[in-house]
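The values are calculated or read from the model by the stated rules, or taken from the named source; none is laboratory data. This one's a predicted model, so the numbers in the text were calculated from it and none came from an experiment. Positions of Cβ are backbone-derived with ideal geometry, glycine not excepted, and every protein chain shown enters the neighbour counts.
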Amino acid sequence: MMIKPQNGFLAASWAVIRCLVISLLLLNLVACQLFPSSQPAKPVVKVPNEVKPLPDDRLVSPPSLKKTTDWQAILSPFVAQLVQSPLPDDGNKVLLISDIQNRSGNYVASNQIDTNLHALFAKQNRFTILDKMVINQAKQALGISQDDKLVSRSKMIALAKSLQADYVLFITINKAPVDDNTADLSMELIYTKSGEIIQRITSAQIASQANEASSDTGSGVGE
């Protein structure tokens, strides 16, 4: 009869112990949630991706600068021959440089040609060159556009006569220079009183004369 009370007591004690253990475990879990670890988190370092150099065939080279046309070098031989032209005795030697007749089909910097011609003729005393502003005023009086595309000899002769100029230098561009100073052009010195072409010079003539001069120089050296 004394064994039963002991067994009941032990069972009750185990039950109490089990409840205490469970309670302690629950308290530990709650404490971990409420009080997280105070150790600072380690910063995350991002490693940059390795930059690989471009292969040689993908390297972009800077654009090449377009060569500027040396109009002074092109026009100098023409002017050198024009100032040697035989002129009528009754001419006043006033010269109008005409607008450029462009037959090349490409853009031509007419203002550069005009500027260089004025500079080249200014170095000699054969002609008096009409100022561009005076020419533009005369164009306006005659109803000619400042940038007239239909350039003709008759129109330029009439313009010269209105300004009392006895000579017109008529210029035609047949081939414009692209990457070098090779151009095909012609110049005509016209006497306005009669419309006569006193002298006509072409790029082919200039090139032929240059070749002959080079050949003569080479022959002289050989001798």
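Scan I74, I100, I135 and give me the residue that is at pLDDT 90 or above and over 22 Å from E196 (Cα atoms).
I74
Being touching a Phe, Trp or Tyr at 6+ places or on another chain (Cβ under 6 Å) and either surrounded by 12 or more Cβ atoms within 10 Å (Cβ to Cβ) or farther than 19 Å from Q101 by Cβ (or both) is true for just one of I144, I135, I157, I129. Which residue is that?
Within the list I144, I135, I157, I129, the selection yields I129.
Among the numbered conditions (1) touching a helix residue (DSSP H, G or I) at 6+ places or on another chain (Cβ under 7 Å); (2) farther than 22 Å from Q72 by Cα; (3) at pLDDT below 90, the only one that A183 does not meet is (2). Residues in segment 175-208 that are farther than 20 Å from R126 by Cβ and surrounded by fewer than 16 Cβ atoms within 10 Å (Cβ to Cβ): K175, V178, D179, D180, N181, T182, G195, A204, A207, S208.
Would you mind stating whether L82 is modelled with pLDDT under 90 and either surrounded by 12 or more Cβ atoms within 10 Å (Cβ to Cβ) or of a type in the set (A, V, I, L, M, F, W, C) (or both)? No; evaluated as a whole, the condition is false for this residue.
Determine which member of the set R200, R153 is closer than 21 Å to W71 by Cβ, more than 30 Å from the chain's Cα centre (by Cα) and not aliphatic (A, V, I, L, M). Result of the check over R200, R153: R200.
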